[in-house]
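Only one structure is covered here, and it is reproduced in the block below.
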Amino acid sequence: MIEIVELVKQYGGFTAVRGLSLTVPPGAVLGLVGPNGAGKTSTLRCAAGIIPCTSGTVRIAGVDMARDPVGAKRHLAFFPDEPRLFDHLTVRQHLNFVARIYGVKDHEPLGAALLAELELTEKADALPGELSRGMKQKLAIACGLLHSPKALFLDEPLTGLDPLGIRRMKDSIVARAKAGAAVVLSSHLLHLLEEVCTHVLILKKGEKLADGTLAEVSSRFSNGEAGVSLEEIFLRATADRDDAAPAAR
Amino acid sequence: MISALLYLKVTSLKNALLQRARRLRQPRYLLGTIAGLGYLYSVFWRRFRASTALPGSLEAPSAELLGTFATLGALGLCVIFALSWVLPEQRAGLAFTEAEIAFLFPAPLSRRRLVAYHLVSGQLRLVVLAALFGLGSNRLALFGGNGLTHAVGWWLVLTTWNLHGIGASFAITRLMDRGVSSRRRRLVAAALAAGVVGLIGWSFAQSARVPTQDEVSDLRQLAAYASAVLDGGPVRWLLLPARAVLAPLFAADTSAFLLALGPALLIVIGHFVWVLETQVSFEDRSISRTEERSARLAARRQGKGLVVATAKASPFLLRAEGRPEVAFLWKNLLSTSSLFRPRTFAVLAGLIVVGGQWLGRSPELRPLLVMVAAGAGTVVFLVLFLGPMLARQDLRDDLANADLLKTYPLRGWQVVLGALLTPLAILTGIGWLGVLAMAMTPGLTTRFGLDPSSQWAAAAGLALAVPFVCLLQLVVANAAALLFPDWASTTRNQAERSIELMGQRLIFTAGRTLIIAVAVVPALLVGGVAVLALRGLLGLPVALGVGAVAGLSLIAVELAVAIRWLGRLFEGLDVSSELRG
Ligand SMILES: Nc1ncnc2c1ncn2[C@@H]1O[C@H](COP(=O)(O)OP(=O)(O)OP(=O)(O)O)[C@@H](O)[C@H]1O
Ligand SMILES: [Mg+2]
């Protein structure tokens, strides 16, 4: 369960996120979409407790991030767009490290299963420098999933992956949600979001333009047409007011 | 097309200068510039002025001596030229920036234009370098002439050097394209070199004078002798071009300089034409050179050398349960040499104990033991005062991964403490080995007029102090990294050299020293007062112990407060802005 209430994030005098609220129940996958600079990364970072938010509340599995950051972080995993790994730790040592940080008791069978699922078993003793970009991303995912988080935040999780990697990533996101995790992800690959997300939230200049299930959002912007793609909806929703719907003028 | 390239260069330069100027609005750059300029002024200009005023500190070189210098310089230049024909192993590659490669290589530009562009853009650096060298050599009054003739002279030398290197690499590439292997080229070059050496030998045989004892013992005379040998016969002709290049630099006065300028310029222009006319493909090697360079820069920017990580066995078994800070110790130890492991320290400690016993038993070996103790003392000193500055495996390294660390269910102070553990453990380990070696030296304390019985007490006190003193400095260094993340990262970014950064480093060092002094002085006072007050009551050894404990407790409290505070800073750190750097 992820709850964000009236989140505001300012950088100096610039407001990147303006009073955003959202709730993601267990099992749901929320897709955060919006043009470059809309505030997606800022929102995800605030939600994961990486950067302090200017005001507003973030609750992860019912734990308030501001009051008990450690308790809240125990339940979440964050995946930045560029996988961040430690240069000097092998794949297996990464899992060992993370297990100690989160106090994951029986991490060895768990880690082995994760590595097998992500097809990293062969590379268990390799350093990040010897991994391809996609493999690095998989390793970051394995590290994030080891403590069975209840909330997942993924920033542009599909960039740089090969078609098979994208499929796998989609499958594992869906699988985690099925297992009861709440997921928020941002992506510009709209047709892929359509396959993964149960909900979408369209963000522009830090403000929520629309949110709801895919069906709800598309009915709002489809003007009654049938079979409008998410791409079309995105374009309509984020178009500037003055050049949108010229017919209306 | 030329105008486009010129535009690129001029606007880049203008924007860079403007950006530098604009940066001055930020206090840290302004302060850095002031400090840097002040420093430069104090070491350079002031002494420069002083040295011209100082009579007879360096007498003006005689014409004879100048001639000797010129001959030896010409020989050196010839050796450099020769090496540029022997050393290159790979095809020619000119240094371009990444952007230049991206924009210029696919552009409709002839290779000649690219080369010309490269040469012209390289001039900026050479001119600055020549000006600096000119100032330097003028200040030292090495040659005759004035600052301007020196600068021009240096420019001629540097430019010829640069052009000759490029021309040679082009010619070598050409040979490679024709299928001449490096080995064959080197064989030929070696044969030529042998010929030259033979020639020198022959001309020496002609002059047929072995240097006298006087000449061998006096450096100046030896130089004169060597130049006399080199000046005679065919070697003179061989050195002639190099001498012509150097002549303006060594000109005694302005008219000599003007006379020498013509031939030297001719040589530079000849080189320029030669380089432009040699058409070889340098592109692929240029690209790979640039890639290597940016990889190196990126590594440096993160404060690391380009260390190739190697997979290592875990330093110790890391269980899932237990304090999470230890995980950082484990992780960061993995990024150090596998020598820094508990096992190594145990083995070394054993060796020190056994060796110390053995040495101590045989009186004739005692002097050796003293030397060992002196070495150990040096090690302890270095660990205490240099180690924390050299250590890197802490927050300063981990800050690059700050956004990952911040998702961990840890308080900020836990991350900070964890990050500090590795350098602390390593420095403490080395320091303790040094202390142990000192303690094993019989009668070391008696040398300082202390009771021999206090030897182990003193060693224990010192050993106790080692981690505190190291941690204190580590905390201060990491505080700087956290408080001024981008400042700290630019000052560590060796790639950028500028007056501001030099000044910033100076300010940093001064600040660090001040803070450490402020932290240590109260502890010293408390400890000192305790020792003075208790000495009469409990005897010196015990009083020393109590004083040490009192002082160190105060430092421990300071450290605890500081680490908590750093943790709060870490929690509040806006990684996104720092990562944007
Ligand atoms: N550290 C920072 N300091 C100042 N402004 C920032 C900072 N980080 C982000 N911003 C600004 O906040 C706004 C939102 O940025 P954010 O990175 O959240 O956008 P985004 O939706 O993730 O964009 P993209 O699709 O390009 O990834 C942008 O206008 C950006 O310029
Ligand atoms: Mg983003």
Give a residue-ordered list of calculated ³J(HN,Hα) values for segment A:140-148 (Karplus: 6.51 cos²θ - 1.76 cosθ + 1.60, θ = phi - 60°; whole Hz; x for Gly, Pro).
4, 5, 4, 4, x, 8, 4, 8, 6
Can you tell me the 0 to 90 degree angle between the C-alpha axis of helix B:283-301 and the longest principal axis of chain B, rounded to 10?
30
Leaving out ligands, DNA and RNA, what percent of the accessible area of chain A is carbon and sulfur, probe 1.4 Å?
52
Can you pull out the buried accessible area for chains B and A, both sides counted, probe 1.4 Å, rounded to the nearest 100 Å²?
3300
Accessible area expressed per residue, the protein assembly as shown, with surrounding protein chains retained (probe 1.4 Å, Å²)
50
Per-residue HN-Hα couplings for segment B:239-246 [Karplus 6.51, -1.76, 1.60; θ = phi - 60°; Hz; x = Gly/Pro]
7, 3, x, 4, 5, 4, 5, 7
For residue A:9, the lysines lying under 22 Å Cα to Cα, once residues fewer than eight places off in the same chain are dropped, come out as A:40, A:73, A:204, A:205, A:208, B:406
By a straight-distance test (C-alpha under 22 Å), which lysines pair with residue B:312 as possible cross-link partners, with residues fewer than eight away in the same chain excluded?
A:123, A:136, A:138, B:304, B:331
Taking r as the C-beta separation of residue A:113 and residue B:389 and R0 as 56 Å, the FRET efficiency to the nearest 0.05 is 0.80
Quantify how strongly other chains surround peptide B:311-320 by giving the mean number of their Cβ atoms within 10 Å of each of its Cβ atoms.
5
Rank by packing, highest mean first: peptides A:90-98, B:144-152, B:554-562, with packing defined as the count of other Cβ atoms within 10 Å averaged across residues.
A:90-98, B:144-152, B:554-562
I'd like the carbon and sulfur percentage of the solvent accessible area for chain B, probe radius 1.4 Å, heavy atoms only, ligands and nucleic acids excluded.
70
Considering amide H positions built from the backbone, and no H for Pro or chain starts, which residues 5 or more places from residue A:10, or on another chain, come under 5 Å of its amide H?
A:16, A:54
Just to be sure I understand: if I project the alpha-carbon convex hull of chain B onto a plane and average over all orientations, what area do I get in nm²?
37.9
Can you tell me the orientation of helix B:499-538 relative to chain B, as the angle in degrees between its alpha-carbon axis and the longest Cα principal axis, to the nearest 10?
30
Pop out a list of residues from segment A:38-52 that are at least 40 Å² less accessible with all the protein chains around than in their chain alone; 1.4 Å probe, no ligands or nucleic acids counted.
A:45, A:50, A:52
To the nearest 0.05, what FRET efficiency results for residue B:223 and residue B:79 with a Förster distance of 22 Å applied to their C-beta separation?
0.85
Quick one: 3J(HN,Hα) in Hz for segment A:154-163, Karplus 6.51/-1.76/1.60 with θ = phi - 60°, rounded, Gly and Pro as x.
10, 9, 6, x, 9, 5, x, 9, 7, x
Beta bridge orientation in the protein assembly as shown: antiparallel %, DSSP, nearest 5
55
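The values are calculated or read from the model by the stated rules, or taken from the named source; none is laboratory data. Predicted, not measured: the structure shown is a model, and the values here were computed from it. For neighbour counting, all protein chains shown are included, and Cβ atoms are generated from backbone atoms with ideal geometry for every residue, glycine included. When the accessible area is computed, the model is the full protein with side chains, heavy atoms only, and any ligands, DNA or RNA have been set aside. Shrake-Rupley method; radii C 1.70, N 1.55, O 1.52, S 1.80 Å.
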